[in-house]
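Student: Here you go, one structure.
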Amino acid sequence: MQRLPNFRQIASLMTISLLMGACTVGPDFEKPKTDVPKTWDWVSKPSNNAQTLASTVSLQSIDVEWWKQFNDPELTKLVNRAMGANLSIRQAATRMEQSRAHQGIALADQFPRLNGNASYSHQKPSEKGVIAVFGGSSTAAGAAAKGTGIGVLGIPAVNIQPFDLWQYGFDASWELDLWGRVRRGIEYADASFEASNEAKSYAMLSTLAEVARDYIELRRIQRTLEIIRQMEDYAQQHLELATQKVENGVATDLDVSQAKTQLASIQAQIPQVEEQQSEMINRLSFLVSAPPKALQAELIQPAIVPPVPPRIPIGLPSDLVRRRPDIRQAEAQLHAATAEIGVAVADFYPRFLLTGSAGLQGLKIKDLANWQALQYAIGPSMTLPIFQGGRLKATLELRESEQKEAAIAYQNTVLQAWHEIDNALTAYANEQLRNDRLAEAVKSSQDELELATMRFKHGVTDFLPVLTAQKTRLQSELDYANSTGKISTNLVALYKALGGGFDPATEIVTKESK
């Protein structure tokens, strides 16, 4: 009667292994601590000028869909299209899918592996191979002397005929995770997946901010084009006026020449600005994964620069670490690097496996239906690293160094975030102050141009004061338009620096992305 395996002993070994499995070598990850102020310095200590700004900040939570505060339907439409079609976002989403697959691979290591097998072979032993070495047939001394028989069996090798061998069964193996090597591997995979998820969020934030910035820049360029064309009309009118005065003998040809030069100088700026307009439309087309000129008909008509709201919610400094995707990504990468140290430490310890196989084997296929054809093997095995040439030690040193680098990268990311926010807040406030002064300059330059034109009409002065006033008016109008656009783009930069309102518990779903 065949002796069956002692399943009680095997069960006891598995129970002991599971109890020992509570041991996990390597350092446990602890979330890095970040000292943050209770409020923003710019909010707690505003300058006297900042108190008079048309658009100020508050400590209310950031709206996830912050771009809607510009109250521009076209901008909202472009953002929705980009969120659903942008290739950078889709690429980041694909990387996240890959990370999820790696996570599944790591999770599989904690379970036993079971494989089925079946085979058939037709075999013929070699008369000159291993069998001939044994020799020493008990029935033929001559054959033994020549090494042509099997001494143990007493069967001459030449008498072994070809035969069939049939078998099927299964084999299984399970690593006993005594030191937590597998669990650390799962921890690493989970943290890596989290990092890839945050990378996707950051790609969404960057793309969204780029769409808003480019759209605002397009409207600023279109406003610039309108100003230049208005000044072209003024210059054309002044040329006609100078020509009439020459015909009436109250002006010189120099006045006409100066008027022509001024008109040509203004007209020369139009192709350059139109080129910028076309380039910006193409950039927006690219962000929504459309071919060049795809948005030409939709965006070619000028519109005002999206105005900023009077109150800007920026949240609390303590929310920054939770809100910015790149900070959360750096934290997840630090977690992954810490888990890898545990994997490297576990490699110094023995590895225990439970292995087993069972199946049926016979010389004829009908033998596989006979219980006597059963064969099995079961038992534990162990591998112990004795000499690896310093590989394990070097690997551990590498993982520890990578963990230090990840910790430094996290600190650098947080510090950079503080600088970006502080710079963005300052730029947002100062540009508003500059815009107020430029608005005054526009009004003054307009009065100056009207006065110079009137004096020229009445023959009080020549055309030079008109020419100077035209240049001043054009430049002040352009400066004011650029400043107005910059206020809005500075707000976009501020929202991006603040993390854009993204929350790990909140996912934006647009109509295009469903």
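Student: Go over the candidates 382, 280 one by one and state the one that is assigned to a helix (DSSP H, G or I) and either more than 30 Å from residue 165 (Cβ to Cβ) or hydrophobic (A, V, I, L, M, F, W, C) (or both).
Tutor: Details: 382 fails: assigned to a helix (DSSP H, G or I).
Being assigned to a helix (DSSP H, G or I) and either more than 30 Å from residue 165 (Cβ to Cβ) or hydrophobic (A, V, I, L, M, F, W, C) (or both) holds for just one of 382, 280, which is 280.
Student: While we're here: I'd like to know if the range 394-410 contains one or more residues that are among the basic types (Lys, Arg) and over 30 Å from residue 497 (Cα atoms). Explain how you work it out, then say what you get.
Tutor: Let us first name the residues in the range 394-410 that are among the basic types (Lys, Arg), namely 399, 404.
Subset that is over 30 Å from residue 497 (Cα atoms): 399.
Yes.
Student: Moving on to the next point. Which condition breaks for residue 249 when tested against (1) within 30 Å of residue 377 (Cβ to Cβ); (2) assigned to a loop (DSSP other than H, G, I, E, B)?
Tutor: (1)
Student: Suppose we filter 93, 132, 143, 106 for residues that are outside any loop (DSSP other than H, G, I, E, B), in contact with a helix residue (DSSP H, G or I) (Cβ under 6 Å, 6 or more places away or on another chain) and modelled with pLDDT under 75; which single one remains?
Tutor: 132
Student: Which ones in the range 346-374 are surrounded by 14 or more Cβ atoms within 10 Å (Cβ to Cβ) and either without any contact (Cβ under 8 Å) to a residue 12 or more places away in the chain or not aliphatic (A, V, I, L, M) (or both)?
Tutor: If the condition is that a residue be surrounded by 14 or more Cβ atoms within 10 Å (Cβ to Cβ) and either without any contact (Cβ under 8 Å) to a residue 12 or more places away in the chain or not aliphatic (A, V, I, L, M) (or both), then 347, 348, 349, 351, 352, 355, 356, 357, 359, 361, 362, 367 are the ones that fit.
Student: Could I ask something else about it? Touching a helix residue (DSSP H, G or I) at 6+ places or on another chain (Cβ under 8 Å), in a helix (DSSP H, G or I) and over 30 Å from residue 491 (Cβ atoms): which single residue out of 406, 424, 417 fits that description? Break it down into steps so the answer makes sense when it comes.
Tutor: Working: 424 fails: over 30 Å from residue 491 (Cβ atoms); 417 fails: over 30 Å from residue 491 (Cβ atoms).
Matching residue, one of 406, 424, 417: 406.
Student: Among the candidates 318, 278, 289, 257, single out the residue that is hydroxyl-bearing (Ser, Thr, Tyr), surrounded by fewer than 18 Cβ atoms within 10 Å (Cβ to Cβ) and over 30 Å from residue 206 (Cα atoms).
Tutor: Working: 318 fails: over 30 Å from residue 206 (Cα atoms); 278 fails: over 30 Å from residue 206 (Cα atoms); 289 fails: over 30 Å from residue 206 (Cα atoms).
Being hydroxyl-bearing (Ser, Thr, Tyr), surrounded by fewer than 18 Cβ atoms within 10 Å (Cβ to Cβ) and over 30 Å from residue 206 (Cα atoms) holds for just one of 318, 278, 289, 257, which is 257.
Student: Do we have any residue at all in the range 419-441 that's modelled with pLDDT of 90 or more, among the basic types (Lys, Arg) and closer than 30 Å to residue 309 by Cβ?
Tutor: Looking through the range 419-441, at least one residue is modelled with pLDDT of 90 or more, among the basic types (Lys, Arg) and closer than 30 Å to residue 309 by Cβ.
Student: What single numbered condition from (1) closer than 23 Å to residue 269 by Cβ; (2) at pLDDT below 90 fails to hold for residue 484?
Tutor: Exception for residue 484: condition (2).
Student: Restricting attention to the range 450-472, report how many residues are touching a Pro at 6+ places or on another chain (Cβ under 8 Å) and not basic (Lys, Arg).
Tutor: Here is the first cut: in the range 450-472, the ones touching a Pro at 6+ places or on another chain (Cβ under 8 Å) are 452, 455-456.
Next cut, not basic (Lys, Arg) only: 452, 456.
Result for the range 450-472: 2.
Student: Does residue 156 qualify as being in contact with a helix residue (DSSP H, G or I) (Cβ under 7 Å, 6 or more places away or on another chain) and modelled with pLDDT under 90?
Tutor: Yes; evaluated as a whole, the condition is true for this residue.
Student: Right, another one. When you go through 30, 74 one by one, which is the residue that is out of contact with any Gly (no Cβ under 7 Å at 6 or more places or on another chain), surrounded by 12 or more Cβ atoms within 10 Å (Cβ to Cβ) and modelled with pLDDT of 85 or more? I'd like the intermediate steps shown before the answer.
Tutor: Working: 30 fails: surrounded by 12 or more Cβ atoms within 10 Å (Cβ to Cβ).
From the options 30, 74, the qualifying one is 74.
The values are calculated or read from the model by the stated rules, or taken from the named source; none is laboratory data. Computed from a predicted model, the values in this text were never measured in an experiment. All Cβ positions, glycine included, derive from the backbone under ideal geometry; neighbour counts span all protein chains shown.
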